[in-house]
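What follows is a short report on a single structure.
The values are calculated or read from the model by the stated rules, or taken from the named source; none is laboratory data. Computed from a predicted structure; not experimentally measured. All Cβ positions, glycine included, derive from the backbone under ideal geometry; neighbour counts span all protein chains shown. Protein only, heavy atoms only, side chains kept; ligands, DNA and RNA dropped before computing areas. Shrake-Rupley method; radii C 1.70, N 1.55, O 1.52, S 1.80 Å.
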Amino acid sequence: MQSTLELLDDFPVGVCIIDESYEITYWNRRLENWTKLSTDSVVGSDLRTHFPHFAKPHYTSRLELLFKGGAAAVFSSLLHKSLFRPVNSSTKNIYNTTAISRPHPSEQGFEILFVVEDVTALHKRSEELERSNSQLEKFVHIASHDLQAPIRRVKQFLDLLEQELGNDLTEDIAEHMSVVVKNSQQMEKLLAALFEYATACHGKVNLSTVSLDKPIDQALDAISIIIEETDAVIRRDPFPQVQCDCVMIGIVFQNLVGNALKYIKGRKPEIHLLAREEEIGWVFGVRDNGIGISDEHKEMIFSSFKRLHTKEEFTGSGIGLSTCKNIIERHGGKIWVESELGVGSTFFFTL
Ligand code: ADP
């Protein structure tokens, strides 16, 4: 019967074991093939003579922790390209290495077991996916932009028709026309939201140091009519200067305040724009006294086209929050919501 270690020879991963003096005690067949170093030539020798980078403090400190039984270390192929490559190798393959500590089978202390995976195919696939995603985003950007003009023309001509026909419109035709107008308005809004989303995903992030009051003023200005109509009260903390894309952060505030004004029933909106300096840095937020969001929905509302209500209850496209998430993540920040049903929600973000 095969021993456990012999079994590892047939695994599609490279396996190497070292003891506390860095002496190689096991080297499987897969590693022999990949590195062209035979088991006979490496077992009994010091790992660092074949792979000198293991002597660098960055690795020795991590391995010392493992020799004390520390948690597994994963050395990603992207950051640690040459961990188990043969010296002078020109192979383009990409290897991920995981180092696991386990109690030494016969002595005290721990030994380290390295598992080396060839992730070249996976890597290629993820690059292809990234490329096709980026092409799709470009497509959405162009399509949503170019479709806005014909929709605008449809609306203009409907207005003209209405003016020209005037009193000649029968009740039926007037009703049909109002349905067409309503739908083309909805389509225009959806295309504008899609365009904003595609810009947030794809457009260049133009960083500059600005006071956050600037994008907030722009956002509130863009929705001033709704603020007036709803008689909303908006309180503002003093906001600091930060490095950001002013236009993109304006879109975030416009979406968050717009939602705070929309998702409320039978109350006057009271909105608080927050800025707090905490341990993790500046945290910004938009607090409302609206309908609130249940715990089970707090994550999924940030995905595209996820809505919790019908269009009859609250209008919308379900893209606003995913646009915000994209913008915040492209600034290196995080966005999340804290909420109580029937009491209100606070959307927080960092930059
Ligand atoms: P939209 O408002 O166009 O539907 P969003 O992406 O902005 O799309 O929001 C997604 C969903 O999250 C909304 O449909 C709504 O159910 C919920 N939501 C967003 N903001 C709030 C809020 N301030 N209070 C309660 N629910 C909210």
Conditions (1) under 15 Å from the mean Cα position of the chain (by Cα); (2) surrounded by fewer than 15 Cβ atoms within 10 Å (Cβ to Cβ); (3) more than 9 Å from the ligand (Cβ to nearest atom): number failed by Gly342: (1)
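Yes or no, residue by residue, for (1) more than 40 Å from the chain's Cα centre (by Cα); (2) part of a helix (DSSP H, G or I); (3) surrounded by 15 or more Cβ atoms within 10 Å (Cβ to Cβ):
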| position | (1), (2), (3) |
| --- | --- |
| Leu5 | yes, yes, no |
| Ile24 | yes, no, yes |
| Ser41 | yes, yes, no |
| His53 | no, yes, no |
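Take the residues of the stretch 97-121 that are in contact with a strand residue (DSSP E or B) (Cβ under 9 Å, 6 or more places away or on another chain) and of a type in the set (Asp, Glu): which is least open to solvent (accessible area, probe 1.4 Å)?
Taking the stretch 97-121 and keeping what is in contact with a strand residue (DSSP E or B) (Cβ under 9 Å, 6 or more places away or on another chain), we get 97-105, 109-120.
So of that shortlist, the ones also of a type in the set (Asp, Glu) come out as 111, 117-118.
Values: Glu111: 8, Glu117: 76, Asp118: 62 Å².
Out of the qualifying residues, it is Glu111.
Please count how many residues of the stretch 298-310 are surrounded by 13 or more Cβ atoms within 10 Å (Cβ to Cβ) and either near the ligand (Cβ under 7 Å from one of its atoms) or polar (S, T, N, Q) (or both). Spell out the reasoning first.
Taking the stretch 298-310 as the starting set, the residues that turn out to be surrounded by 13 or more Cβ atoms within 10 Å (Cβ to Cβ) are 298, 301-302, 304, 306-309.
The next check asks that each one be either near the ligand (Cβ under 7 Å from one of its atoms) or polar (S, T, N, Q) (or both); those that pass are 301, 304, 306-309.
Selection size over the stretch 298-310: 6.
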Filtered residue count, the stretch 246-278, keeping only those that are over 22 Å from the mean Cα position of the chain (by Cα) and either of a type in the set (Asp, Glu) or open to solvent by 30 Å² or more (accessible area, probe 1.4 Å) (or both): 10
Qualifying residues in the stretch 311-329 (those that are more than 8 Å from the ligand (Cβ to nearest atom) and farther than 21 Å from Leu274 by Cβ) - the one surrounded by the most Cβ atoms within 10 Å (Cβ to Cβ): Asn326
Leu160 vs. criteria open to solvent by 40 Å² or more (accessible area, probe 1.4 Å) and in contact (Cβ under 8 Å) with a residue 40 or more places away in the chain: no
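Step by step: first the residues of the stretch 251-282, then only those that are among the small types (Gly, Ala, Ser) and part of a helix (DSSP H, G or I), then the one that is nearest to the ligand (Cβ to nearest atom). Which residue is that?
Within the stretch 251-282, the first condition is being among the small types (Gly, Ala, Ser), and the residues that meet it are 258, 260, 266, 275, 281.
Subsequent filtering for residues that are part of a helix (DSSP H, G or I) retains 258, 260.
Numbers: Gly258: 8, Ala260: 5 Å.
Taking the candidates together, the pick is Ala260.
Does Phe347 satisfy the criteria of being within 8 Å of the ligand (Cβ to nearest atom), touching a Cys at 6+ places or on another chain (Cβ under 9 Å) and open to solvent by less than 30 Å² (accessible area, probe 1.4 Å)? Can you show your working first?
Numbers: within 8 Å of the ligand (Cβ to nearest atom): yes; touching a Cys at 6+ places or on another chain (Cβ under 9 Å): yes; open to solvent by less than 30 Å² (accessible area, probe 1.4 Å): yes.
Against the criterion (within 8 Å of the ligand (Cβ to nearest atom), touching a Cys at 6+ places or on another chain (Cβ under 9 Å) and open to solvent by less than 30 Å² (accessible area, probe 1.4 Å)), Phe347 qualifies.
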Criterion violated by Leu165 - all others in (1) in contact (Cβ under 8 Å) with a residue 60 or more places away in the chain; (2) outside any loop (DSSP other than H, G, I, E, B) satisfied: (1)
Among (1) under 24 Å from Val205 (Cβ atoms); (2) within 9 Å of the ligand (Cβ to nearest atom) - the single one Asp245 does not satisfy: (2)
Tabulated pairs, the stretch 208-223, first in contact (Cβ under 8 Å) with a residue 60 or more places away in the chain, second open to solvent by less than 50 Å² (accessible area, probe 1.4 Å), C-beta under 8 angstrom, 6+ apart or interchain: Leu212/Phe239; Leu212/Pro240; Leu212/Val242; Leu212/Cys244; Leu212/Ile249; Leu212/Ala275; Leu212/Phe284
Only one of Gly285, Gly332, Gly292 that is small (Gly, Ala, Ser), more than 8 Å from the ligand (Cβ to nearest atom) and at pLDDT 95 or above: Gly285
